[in-house]
Each structure stands twice: as structure tokens, then as C-alpha cells.
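Below: one structure, written as C-alpha cells.
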């Protein structure tokens, strides 16, 4: 899709205004007692918002045309500092912060930050990344009252507009989020990163995330919508970047442990160590989870460890190294058809289905500031992982397991890559500009094998080919994928209010599939009448350019208009094509998806009383991959392939009111009310398949609404949240009634209410408790095509939790 075809959208983003900022203010923020530099201190213009954040050396810098500024310095470990500057020229101002007093409570800290803003967004530039003109959201975990121990995505992402979330386990073992008609399964339509590097199985061939870091370890979660396709990959969804907590910069050792108990035998432990000594810093955690699950045959055990080490050579140069390990084993209760769900939504007729994940991530990052205006980062990363799925699968999910050999699928993922970024400030026609150029290399060598597993009941992930040589689902493939890209963006400030950000991404993708499958047929007596090996060798090379343009107009301190348009591309995954699945067939002509996304919106903060972000978007999807129902061999089946071109558009809005300022105006209190609303529409505009054109697009609830009230007094904090999603379809034919496998059919509308509380006894002890699904509604959000199904996967019923945190 050429951008010139949409020039009317681009022109609408451009407005003109006055002169650029005149004075440059810089300096350093240090500990008032030790003199140690303090990083991640947010510096605010009290009347306008965030100006800068200190780097690892405590340095900050910003530009302004004001002659007087009231600055507010905020970080969680120190008292808030407020000071007024008179400005007549470029100047250096150093500041010292006092360590947080014992008397100041966690609620008071949150209240102080919320006094300045309620919703945080990414600045135009963060490190060596550009976000100007993009729709961005930052989830601040410290401010969250969610059930962090189980990664409750419904609560954690409650102020991210328009997300569609699969909710099918009560432990948060996997994250499943989508939006704007994108399948939420394992967050496969977002580029998923941890501290800026990839963590999914295979960014191209199998972009599913079996690992997501525990929320208790996170400082924030950054989300950028479809315009992230230029800097972070070609996908339609955008970016989800998990930012793990940084090392404690003020003491050599800090220990935190959190223990949680809950319904269905839930127990979790999260323990972390953190500190800084001289030029060295570190952060490490271990997270353990176990439980019985809310359905029979759904127990689990998970172990997750992480270590980060940093070395600050000098104020300009730093190296960090990270390693992450995850292992979990979960029994899978299987899917249901519609009749089974109506009879008993929590029943299970699968006792021998198991799923195992073993994930090892590693990363080394080098960062260097050539000057205050020029920065460089280089990141090398890799993954050594596997996932094993074992069980009895059949298209008729109500069929009783006969106790024969089980289907076993093993996938191994070995990939590595490197990404370099160079960012520089410069002047263009006397105006400030910021230029970013980057490149990424990514190489994957993954394998997939499917065949007979044991006829036992345990989690035995060894193939039993010799014992069951005539098992019908047998295949073995390797996927040597290669990706090289060059990307760039440039912020051009036309004046102090208006900026435009053009960008590009040059992409080379080479995906390969080399292996074989067996076609085995038997007669009614089980005798083999046909046995043939089918070899396959596919190579698919493509080179293309994606273009984009963003714009931002900061009308005043309370209002910013933004807009962007970016092309997108998603390559077909060979792993999906090659795995035999009784629940559906694959169209042999399946091909890559193409299209573009556009956003236009307004956001801001009005007098510290209301924060808001409202936008309209359009998503054009060409050759969208989905499901349709076909007749094959005299039977109705589901087929996965390119079902047609689609157009999706809608309104996404988030409004957060600081009622404390309006009704109470006392920093001892927290009193916030938010409304998160998404209203969407969609249509298949063209299709070569019968019965598709004019239909609604899958995974789109036309109305997606969340609202919540947060109230706190001194050390106590409580929140109540309500969520509602309207009906959505799961296939392109818009089937309402489910089939025998439960894979096809609509997802009925549902609503959920959650309640949570916390109380901090002093600086070292904190107690949290809550009830999820207070109304005890029986509902489901997912019809799985494979494991953990196939079929309807019910969502958790009412459940309770309690957490004790100790900080030393």
C-alpha cells in the first residue's frame, strides 16, 4: 500500500505555529548524603508535565523558552523536591534529593505522583528510540492494585484502550492480548520484548510468546500501537516491551519477598535481590508458582529466574548483561463444545494432556553517549528454548479418551540477533531535529516434530515411534529463517508546538521449511493400506520497504494532537502450516498479510484533574489469514487461509479523573475514577470465498468497556473494576453456533468485576488481598484451535488471593 494514496490523511496531520525553545537547562541529580548519582528521576514542569528523566549517571537535559519554571523532581525512593528557576540563558543546575523518610507511606508517594499526572505516556525520545506522534501507553506497575502474583492481565492492562484478552488460566503462565481484530493467542500479533530485546519463539516463523516476565518484577510495560512497525518489526499490533525493575541505586543490597496464597491451592513466591556498589549494579529474582487450577486436570508448577548485571565504565558508557530462565509444566483440562459448556463449564474429560515450556533468554547491551546530543546502543540477544505438547486430541472434543497413544508435538527454538541504534540531535533550517538510524540482524534455526507419544497418563515427552509406527500424524521439519532490516525515523520540529516524524523500514525476510510428513491410512481392522513419505522444501525470499509518517501538535500544556500512518506486514508461519491438526485444515495457497494502520487522536492533562487520550484509528488488512468452514471428504471442516481483505476502524478512549482534587483535595487520600472505552466496526471488503464478503472481522467485540474506582487513605488502598465485552466472532463466516470441535462459533458477551485492596504497615511490610470475578460469572474468551484445546477454554470462576510483601 503506497502512502501517496493516503496523502489526504497526512496533510490533515500538519499545522504550523511559533518559534522553537531557546534555553538549554542541564545538570545532575545526586543523593544529598552519599553524593551518588540517582537515575530515573522524573523532572516536571509543574504547569505542563514531564521535561526530562535522569540517566544512569544522574544527568538530565531539556530545552525551554520560558523565563521562569517551577520544577518538581520525583522518584519513589526520595522525597519530592520542588524548586523555582529564573532563566535568562543556557545554564547548569545540580540538585540533591533526600532519601525517603520513614513516615512517608506508599499511598502518599502514589498520591504525589498522581498530583502531577494520572496516565503516563512515552516522551518524544526515550534513549535511542523515537515515539513522537505515536499512540503510546505506559502501564506503571507500582501504581497498580492488580493481582500481580497471577499476572491478571484484565487488571494490569485496565487503562490500555481496546485490548482483547484471553483469560483461560488462574496463574498467568502466558500472556494473551490482542486488539483491533488481532488474535490475542500468545500475543503473537505484537512484537514482544523484554528491556528492548525480542523474547518470542521466532519473530518471523513462530511469533508466539510462551514466556512473559512476572509482573511483580516489572517497573512498567510500554505499549506502542501499529506505528511501531517501523522501529520494532513489521507486525500489525505494535510493540509490547516489559521493562524490568532497575537495580536499587542507593544501597548495596535490597531484598524483597512476596508470598501469595489463593483459591484452588494457589501458592506463589517472588523474591528479589538488588543493589549498587561502585560501578557495579545488579537485579535478580526467582518466581515460583504452583496450583491445582480451577478445573479438574489443570494443575501446574512454574519456576522463573532472572539476573541482570551492569557496569558503568564512566558517565557516558555502560554495559549490561541479562539471563532469563523459565520452566513450567501444566496439565491441560482440554476444550469443550457448546453443549458441554452449557452443561458444566468447568468439566474436563482429558486427564492425559500436558504442556511443558523450557525457556532460556540471554542479552548483552552496550550503550555509549558520544555527547549530550548523540547516543548509540548495541544489543545482542538469543534464545534457546523448547515447548512440548502431549495429549489426546480429536475433532470431537466430547469423545471419551480411549487411553491409546497420545499426540506429541515438540518444538525447539534456537535464534540469535543483534540490533544497533544511533540517535543524534541536529539543527535543520535553524530548527531542532532528531535523527534515528538502526539495523537489526536476526537468525533462527528452529525445529518441529510431531508423532506418537506414550499411551500412559504421565508427562512423558519422548516419542514412541517404534511402539506405534503407524500413528497417522507424523512429520519433522526445520525452519532456518533469516531477517535483516534497516530502519530510520526523524523528528522535525517545525516550531515549539508542531513536529512531523517521517520514517522507513527496509526489510529482507527469508523463511525456509525443510522436512517431511507421512500419510498413513489404515482399514477398519487397523491394517496399513497406504504409507507414503512426503518431502517438502520451501524457500521464500522477499525484500520490501515500509513507510510511515507521524505528527504531533502540542496546542498548550493541557492538549496534544497526534497522528500517524504506517504500513504493516506479517509473514505466514510455516510451523502452523506443517503441524497436523484434527481441528482444522490449512489452505496450501496461504500467503503473507499486508496493510497499514493510521491513528489520529488527542491527549493531555487538564489542571491535574483529568487525564485523557481519545483517538480514532483505521486498519486496512490485505489477505487476512483466518478460518472459514468448508466441506471436505463429505464432512464440514474449518480451513485456515487467506480469507480476504478487511477494513477495521473505531474509537478508543481513556479518561481518568482525579476526584481527590475535586472533592477532597487532601494528599492523605487517593480517589480516582477511570473509563476505558472502545467502539469498533469491521467488514470484509472483498473475498474470493463464498459467504465472507460483507461479514464482520473475527476477534472484534464492537463494544469493549472497562471502568474502575480507586480509593486510598494513608496506608490503605482499594480498587473496584468492572469489565464488559460484547459478542465477537471467531471465523470469517461469522458462525454463531459452535461445531463438534468447539473451534468455530461466537464468543458471547460477558462481564466481570474485580476487587482488590492493599495496606502498608510501614516501609517494610505490605499486605494485599482481593477477589477476582466477584460476580462468579461463567464465561469464556477463547475457542482454541490446538492446545490447550481444541474447543472452548473456560475462564476462571470466582477466586481469592492474599499476598504478604516483606522488604529488607
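The values are calculated or read from the model by the stated rules, or taken from the named source; none is laboratory data. Owing to the predicted nature of the structure, the values given are computational and were not obtained by experimental measurement. Every residue, glycine as well, gets a Cβ built from its backbone with ideal geometry; the counts of neighbours run over all protein chains shown.
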Filter the range 532-549 for residues that are more than 29 Å from residue 488 (Cβ to Cβ) and surrounded by 14 or more Cβ atoms within 10 Å (Cβ to Cβ); the one that is farthest from the chain's Cα centre (by Cα) is 536
Residues in the range 269-281 that are surrounded by fewer than 20 Cβ atoms within 10 Å (Cβ to Cβ), more than 24 Å from the chain's Cα centre (by Cα) and part of a strand (DSSP E or B) total 4
Residue 447 under 30 Å from the mean Cα position of the chain (by Cα) and surrounded by fewer than 19 Cβ atoms within 10 Å (Cβ to Cβ): yes
Given the residues 615, 611, 638, which is the only one that is part of a strand (DSSP E or B) and either modelled with pLDDT of 95 or more or touching a helix residue (DSSP H, G or I) at 6+ places or on another chain (Cβ under 7 Å) (or both)? 615
Could you check residue 449 against (1) without any contact (Cβ under 8 Å) to a residue 12 or more places away in the chain; (2) under 30 Å from residue 299 (Cβ atoms); (3) assigned to a strand (DSSP E or B) and say which number it fails? (1)
Enumeration of residues in the range 716-744 that are in contact with a helix residue (DSSP H, G or I) (Cβ under 8 Å, 6 or more places away or on another chain), over 19 Å from residue 165 (Cβ atoms), surrounded by fewer than 22 Cβ atoms within 10 Å (Cβ to Cβ) and modelled with pLDDT of 90 or more: 716
Would you pick out the residues in the range 415-442 that are surrounded by fewer than 17 Cβ atoms within 10 Å (Cβ to Cβ) and farther than 30 Å from residue 374 by Cβ? none
Look at residue 411 and say whether it is over 23 Å from residue 327 (Cα atoms), outside any loop (DSSP other than H, G, I, E, B) and within 28 Å of the chain's Cα centre (by Cα). no
Can you find even one residue in the range 534-546 that is touching a residue at least 40 places away in the same chain (Cβ under 8 Å), out of contact with any helix residue (DSSP H, G or I) (no Cβ under 7 Å at 6 or more places or on another chain) and under 30 Å from residue 230 (Cα atoms)? yes
Sole residue being closer than 29 Å to residue 478 by Cα and either part of a loop (DSSP other than H, G, I, E, B) or touching a residue at least 24 places away in the same chain (Cβ under 8 Å) (or both), chosen from 438, 403, 456: 456
Which condition breaks for residue 139 when tested against (1) closer than 20 Å to residue 271 by Cα; (2) touching a helix residue (DSSP H, G or I) at 6+ places or on another chain (Cβ under 7 Å)? (1)
Those residues that are at positive phi and either in the same structural domain as residue 30 (by the TED database) or buried (at least 24 other Cβ atoms within 10 Å of the Cβ) (or both), I need them from the range 210-268; list them, please. 233, 238
Among the residues in the range 468-489, are any free of Cβ contacts under 8 Å to residues at least 24 places away in the same chain and not in a strand (DSSP E or B)? yes
Restricting the search to the range 74-95, which residues are buried (at least 18 other Cβ atoms within 10 Å of the Cβ) and either at pLDDT below 90 or touching a helix residue (DSSP H, G or I) at 6+ places or on another chain (Cβ under 8 Å) (or both)? 74, 75, 78, 80, 81
Residues being in a strand (DSSP E or B) and either touching a helix residue (DSSP H, G or I) at 6+ places or on another chain (Cβ under 6 Å) or farther than 13 Å from residue 177 by Cβ (or both): count how many of those fall in the range 189-208. 7
For residue 782, only one of the following conditions fails: (1) surrounded by fewer than 19 Cβ atoms within 10 Å (Cβ to Cβ); (2) under 22 Å from residue 295 (Cβ atoms); (3) under 24 Å from the mean Cα position of the chain (by Cα). What is its number? (1)
In this structure, is residue 367 in the same structural domain as residue 420 (by the TED database), out of contact with any helix residue (DSSP H, G or I) (no Cβ under 7 Å at 6 or more places or on another chain), on the phi < 0 side of the Ramachandran plot and without any contact (Cβ under 8 Å) to a residue 24 or more places away in the chain? no
May I ask you to verify whether residue 672 is in a strand (DSSP E or B), closer than 17 Å to residue 716 by Cα, modelled with pLDDT under 95 and in contact with a strand residue (DSSP E or B) (Cβ under 7 Å, 6 or more places away or on another chain)? yes
Somewhere in the range 421-435, is a residue in a strand (DSSP E or B), over 29 Å from residue 131 (Cα atoms) and modelled with pLDDT under 95? no
